[in-house]
Amino acid sequence: MTRRVVITGAGTVNALAADVAGTFSAFRDGRCGIAGLEMRDLDRLSIKIGGQIKGWNPNIHFDRQKLGFYDKFTQFALVAARQAVAQSGLSFTGDLADSTGVVLGNAGGGLTTADDNYRAVYQEGKNRVHPLVVPRLMNNAACSHLSMEFGLRGPCYTVATACASSNHAMGQAFQMVRAGLSPVMLAGGAESMLCFGGIKAWEGLRVMSTTGCRPFSADRDGMVQGEGAAVFVFEDYDHAHARGAEMLAEVAGFAMTSDAQDILMPSVDGAARAMAGALRDAGLAPAEVGYINAHGTATAANDRCETAAIRQVFGGHADRLLVSSTKAMHGHLIGGTGAVELLACILALREGVVAPTIGYTVPDPECDLDVVPNVARQAEVQVAISNSFAFGGLNAVLALRRI
């Protein structure tokens, strides 16, 4: 027996806001959280902008003893998860604690920890590093700390599939709840690559913009990194209904594909098969979809490939679809990006507000979709899908339904 799966809690911290309400407000206003970076050795970087969480003070959220175990990506995940669990109203005890788990997406692990300790050894000549370097930088640190924070003793693991990590993680959590393996799962993603070494690595790929993120616009010149986290409570519908929980949206379908083609260049076929698969899994026709939160990185290869894939799947309905990329506002959170972008889908489904693609100035004939340029739009949306297409040719798409 397959079960319906709903979202009963959501939390986030990102460059736009420190919570979901603030993020929704930023989406409505088309606000940009991308600005000049604040970090050491900025003069040695070619890329000096990003979706950075300014003024982050971990001491507000964590005591000093625990903070010693937390890299910044773990801090972000914990703050987002606390918000999500609080909204859900769940208390994890007994059998529920034994069966509830966590699946998080993360690509880089504790890069800030790695960066700081490489500096200590190679630049400052120190012969010892902090004794907690390994547990801080490991990719599974955040999901492990979430399980400890809430006493969750069910399945707990991290998915690392580059820019598709969050969608893969949420898709796996969805499948677990739907299959009856767990009545509740925490799922989402977190990333903090905005450190000197993280930016230097991305500079080497020559896909970064020095001016801003302009998805689907003909004058785009690359992506912009962001940081942060978003975490959701995925819950069995009957379990949520029985306790009178507020339901934010229904997770209706999920699909993942591999291009098996190129480590960097995207594939129209791989992206199209993932979108079509998510709709098939949800039992939805293409014409039922009203909004697509696009992967929309503002690179020429991604935006044109994604446009072609959307047209392949949706045919003539593509002309009636609303498609936007919120990366122009919060930046590309790499392993955490799909989680923050799922919030735009929830906003569209619950409030009928479609977040815009800001920074759009010049139409690109090869990206001939309604990308909701610059200004949010009111629209009745019953079904939304969220796309994530990663380096390595790994694609993950979630389909959500209004409830």
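The values are calculated or read from the model by the stated rules, or taken from the named source; none is laboratory data. In this text the structure is predicted, and so the values were computed from the model without any measurement. Here the Cβ positions follow ideal geometry from the backbone for every residue, glycine too, while neighbour counts run over all protein chains shown. Ligands, DNA and RNA are stripped out before the accessible areas are found, and what is left, the full protein with its side chains, is counted by its heavy atoms. Shrake-Rupley method; radii C 1.70, N 1.55, O 1.52, S 1.80 Å.
Of all the helices (runs of 4 or more DSSP H) wholly in the stretch 93-155, which have at least 2 residues that are at pLDDT 95 or above and crowded, with 19+ Cβ neighbours inside 10 Å?
Details: elements: 94-99, 111-118, 133-137, 141-150.
Result: 111-118, 133-137, 141-150.
Please enumerate the residues belonging to the stretch 379-392 that are farther than 17 Å from Gly171 by Cα and either open to solvent by less than 10 Å² (accessible area, probe 1.4 Å) or outside the structural domain of Ser258 (by the TED database) (or both).
First, the residues of the stretch 379-392 that are farther than 17 Å from Gly171 by Cα: 379-382, 391-392.
Hit for the stretch 379-392 is Val381, nothing else.
Within the stretch 279-318, track down each residue that is among the charged types (D, E, K, R), over 20 Å from the mean Cα position of the chain (by Cα) and under 17 Å from Ser217 (Cα atoms). If you could, list the steps in order and put the result at the bottom.
Taking the stretch 279-318 as the starting set, the residues that turn out to be among the charged types (D, E, K, R) are 280-281, 288, 303-304, 306, 311.
Right, trim to over 20 Å from the mean Cα position of the chain (by Cα) and you get 280-281, 288, 304, 311.
Across the stretch 279-318, the qualifying residue is only Arg304.
Just to be sure before I move on: is Val207 within 30 Å of Trp56 (Cβ to Cβ), open to solvent by 10 Å² or more (accessible area, probe 1.4 Å) and in contact with a strand residue (DSSP E or B) (Cβ under 9 Å, 6 or more places away or on another chain) in the structure I sent? Give the derivation first.
Values: within 30 Å of Trp56 (Cβ to Cβ): yes; open to solvent by 10 Å² or more (accessible area, probe 1.4 Å): yes; in contact with a strand residue (DSSP E or B) (Cβ under 9 Å, 6 or more places away or on another chain): yes.
Answer is yes for this residue.
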Within the stretch 22-70, how many residues turn out to be closer than 20 Å to Ile358 by Cα and not in a loop (DSSP other than H, G, I, E, B)?
13
Any chance Ala77 is in contact with a His (Cβ under 9 Å, 6 or more places away or on another chain) and outside any loop (DSSP other than H, G, I, E, B):
yes
Here the qualifying pairs (Cβ atoms under 8 Å; residues six or more apart or on different chains; first in the stretch 109-134 and free of Cβ contacts under 8 Å to residues at least 12 places away in the same chain; second part of a helix (DSSP H, G or I)) come out as Lys126/Ala120; Asn127/Val121
Which pairs have Cβ atoms under 8 Å, sit 6 or more apart or on different chains, and link a residue in the stretch 44-68 that is more than 22 Å from Ala328 (Cβ to Cβ) and in the same structural domain as His145 (by the TED database) to one that is modelled with pLDDT of 95 or more and of a type in the set (Phe, Trp, Tyr)?
Arg44/Phe196; Pro58/Tyr70; Phe62/Tyr70
Looking at the stretch 68-84, which of its residues are over 18 Å from the mean Cα position of the chain (by Cα) and open to solvent by less than 30 Å² (accessible area, probe 1.4 Å)?
Gly68, Tyr70, Asp71
